[in-house]
1. Provide the gained length on full extension for the span residue A:384 to residue A:423, in nm with one decimal, where the gain is 0.36 nm per separating residue minus the Cα-Cα distance.
2. Sticking to Cα atoms, compute the Rg of region A:180-459 to one decimal and its Dmax as the biggest Cα-Cα distance, whole number, in Å.
3. On a 0 to 90° scale, report how tilted helix B:6-32 is relative to the longest principal axis of chain B, with both axes built from alpha carbons and the result rounded to the nearest 10.
4. What's the angle, to the nearest 10 degrees (0 to 90), between helix B:153-163's Cα axis and the longest principal axis of chain B?
5. Take the Cβ-Cβ distance between residue B:74 and residue A:31 as r, set R0 to 41 Å, and report the resulting FRET efficiency rounded to the nearest 0.05.
6. Could you quote the convex hull projected area for region B:40-163, Cα atoms only and averaged over all directions, in nm²?
7. Find how many whole Å separate the alpha carbon centroid of region B:101-119 from the alpha carbon centroid of region A:7-21.
8. For every helix of n ≥ 4 consecutive DSSP H residues, a contribution of -39,500 (n - 2.57) applies; sum these over chain A, divide by its total residues, and give [θ] at 222 nm rounded to the nearest 500 deg cm²/dmol.
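Only the coordinates and a few stated rules stand behind these numbers; no lab work does. Keep in mind the model is a prediction, meaning the values are calculated, not measured. All Cβ positions, even for glycine, are placed from backbone atoms using ideal geometry, and neighbour counts span all protein chains on display.
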């Protein structure tokens with residue numbers, strides 16, 4: 001089940017949210033676990049086998065680790081931590097990368113026995129966060145069902161946001177289902193749904209047509225890359241908005257995952273605005289433990305290399321993702337060493353445009369099936385190996401959509417709405433509600449008439 | 001061993017027990033779901049020899065799309081025989097998958113097709129309805145899926161397994 005399916009929007013969500021409101025406070029947590037398990041099993045019941053195994057394994061690992069720590073056996077506790085992390089990463093590697101390694105050695109794809117479990121990359125990060133936070137004594141081992149909820153919580157299990165164990169425990173302490181939270185949750189859910197159905201869905205038509213064409217002109221190649229740049233943003237930030245909105249509906253306030261990344265002034269800034277929860281995870285669990293920027297330039301660059309290599313590998317079992325990660329590493333490292341000093345003299349608007357350009361070129365590696373395809377596409381963008389003649393057609397057909405997408409990727413509209421809300425124009429609220437209902441109905445119409453398309457990040 | 005309390009031992013045994021149990025589950029499932037290298041030509045030939053295809057006609061990409069709502073280009077290979085007359089219910093489908101993840105998609109499409117056929121014959125085609133209910137097989141074997149509606153469906157299934 002996905003957030004943009006009719007069965008979720010029209011059946012699962014209203015029923016689960018309404019029941020959550022009426023059941024007694026004491027039963028709410030248990031009910032939320034039950035609803036999450038139904039959500040997971042709906043997609044593939046065998047996912048529950050993986051989840052129960054890793055939940056029990058990690059819970060007992062944390063228990064054993066804590067006992068060793070309490071007994072003053074630091075080495076034993078460290079061994080338990082490392083073996084626990086190794087097992088979690090081994091399961092991820094088995095499901096996600098096993099066939100990639102087989103293909104490197106010319107072997108055919110193997111069957112896993114079980115289907116690749118839902119959100120395995122995100123679940124693994126949650127498990128790593130859990131073990132590390134318990135080891136660092138940021139948190140105690142929770143009650144079993146709190147841990148089950150942390151891992152299975154349906155708004156975040158498929159594609160995040162990646163919430164650290166520490167953060168989730170704070171959320172559990174501050175669960176509040178106020179009318180304001182529910183309203184904000186519904187608003188953010190509908191905003192995310194609109195981003196996915198109305199913007200990403202239509203942009204995918206442009207991108208699919210161009211990327212699957214045998215030949216393309218330079219104009220087509222640029223339009224395709226631009227289409228993908230906005231499609232990926234609206235698809236994933238739309239998903240994140242829906243997840244965060246759902247969290248609010250159930251009283252859990254998850255952190256924002258995007259902050260208008262295409263307005264970034266450099267690549268470092270881009271990563272503070274794009275998939276914020278992934279950046280925070282790597283910062284807290286890889287970059288800082290490696291020494292961060294406290295051990296000189298060389299070590300900082302090495303630490304950045306590790307982080308961006310892992311970022312690339314995490315996104316998928318393909319050399320294209322590794323190259324994409326290293327591409328971002330090169331710019332990040334250059335900015336830290338010398339580029340920022342030069343670029344700080346350049347007007348901000350130019351820096352924003354240059355950053356956008358660099359990011360868009362990077363997405364070519366991200367969306368290509370192979371490095372060869374990526375270089376062919378990049379060649380097309382610069383007039384090498386071009387063909388076809390549909391550039392003008394695509395430009396006239398999609399220019400308005402691209403302009404709308406560009407405008408909505410800026411914070412202008414959000415700032416206007418926030419200003420209106422702050423000034424408490426009472427007549428504004430019914431208008432706002434009507435606008436949200438109309439947008440919701442448009443999204444439902446799209447869900448009914450269009451073929452279902454999954455979220456892009458569900459594949460990661 | 002220093003301070004190795006009984007609880008520590010219990011937690012250790014529990015976690016590695018769960019780890020091993022899950023690994024065993026994966027091995028068992030994987031061994032039941034092996035990828036066959038047998039070409040579709042051999043598999044389809046073995047299955048079609050095992051049953052009488054007289055009441056069926058050979059399907060193509062468009063009939064596969066129409067009956068199952070799937071695009072044959074998404075799969076490695078598709079072999080379809082479907083009823084010559086709309087008064088018959090015999091059908092044979094073999095799909096060779098490109099990716100093992102496509103199993104669910106094809107299974108769902110077959111179930112939908114079976115449900116549609118049952119609905120069509122429910123109430124007036126007693127024999128056909130019985131055939132669809134009692135003599136149909138859906139067999140998923142790694143990268144191959146068989147769907148057959150035929151009085152000798154078990155023979156077809158045996159030939160299918162033998163050929164993989």
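1. Answer, rounded to one decimal: 8.6 nm.
2. When restricted to the Cα atoms of region A:180-459, Rg and Dmax are 20.1, 59 Å.
3. 20
4. Between helix and principal axis, roughly 60 degrees.
5. With R0 = 41 Å, the Cβ-Cβ based efficiency is 0.60.
6. Value for region B:40-163: 6.6 nm².
7. 27
8. -22500 deg cm²/dmol
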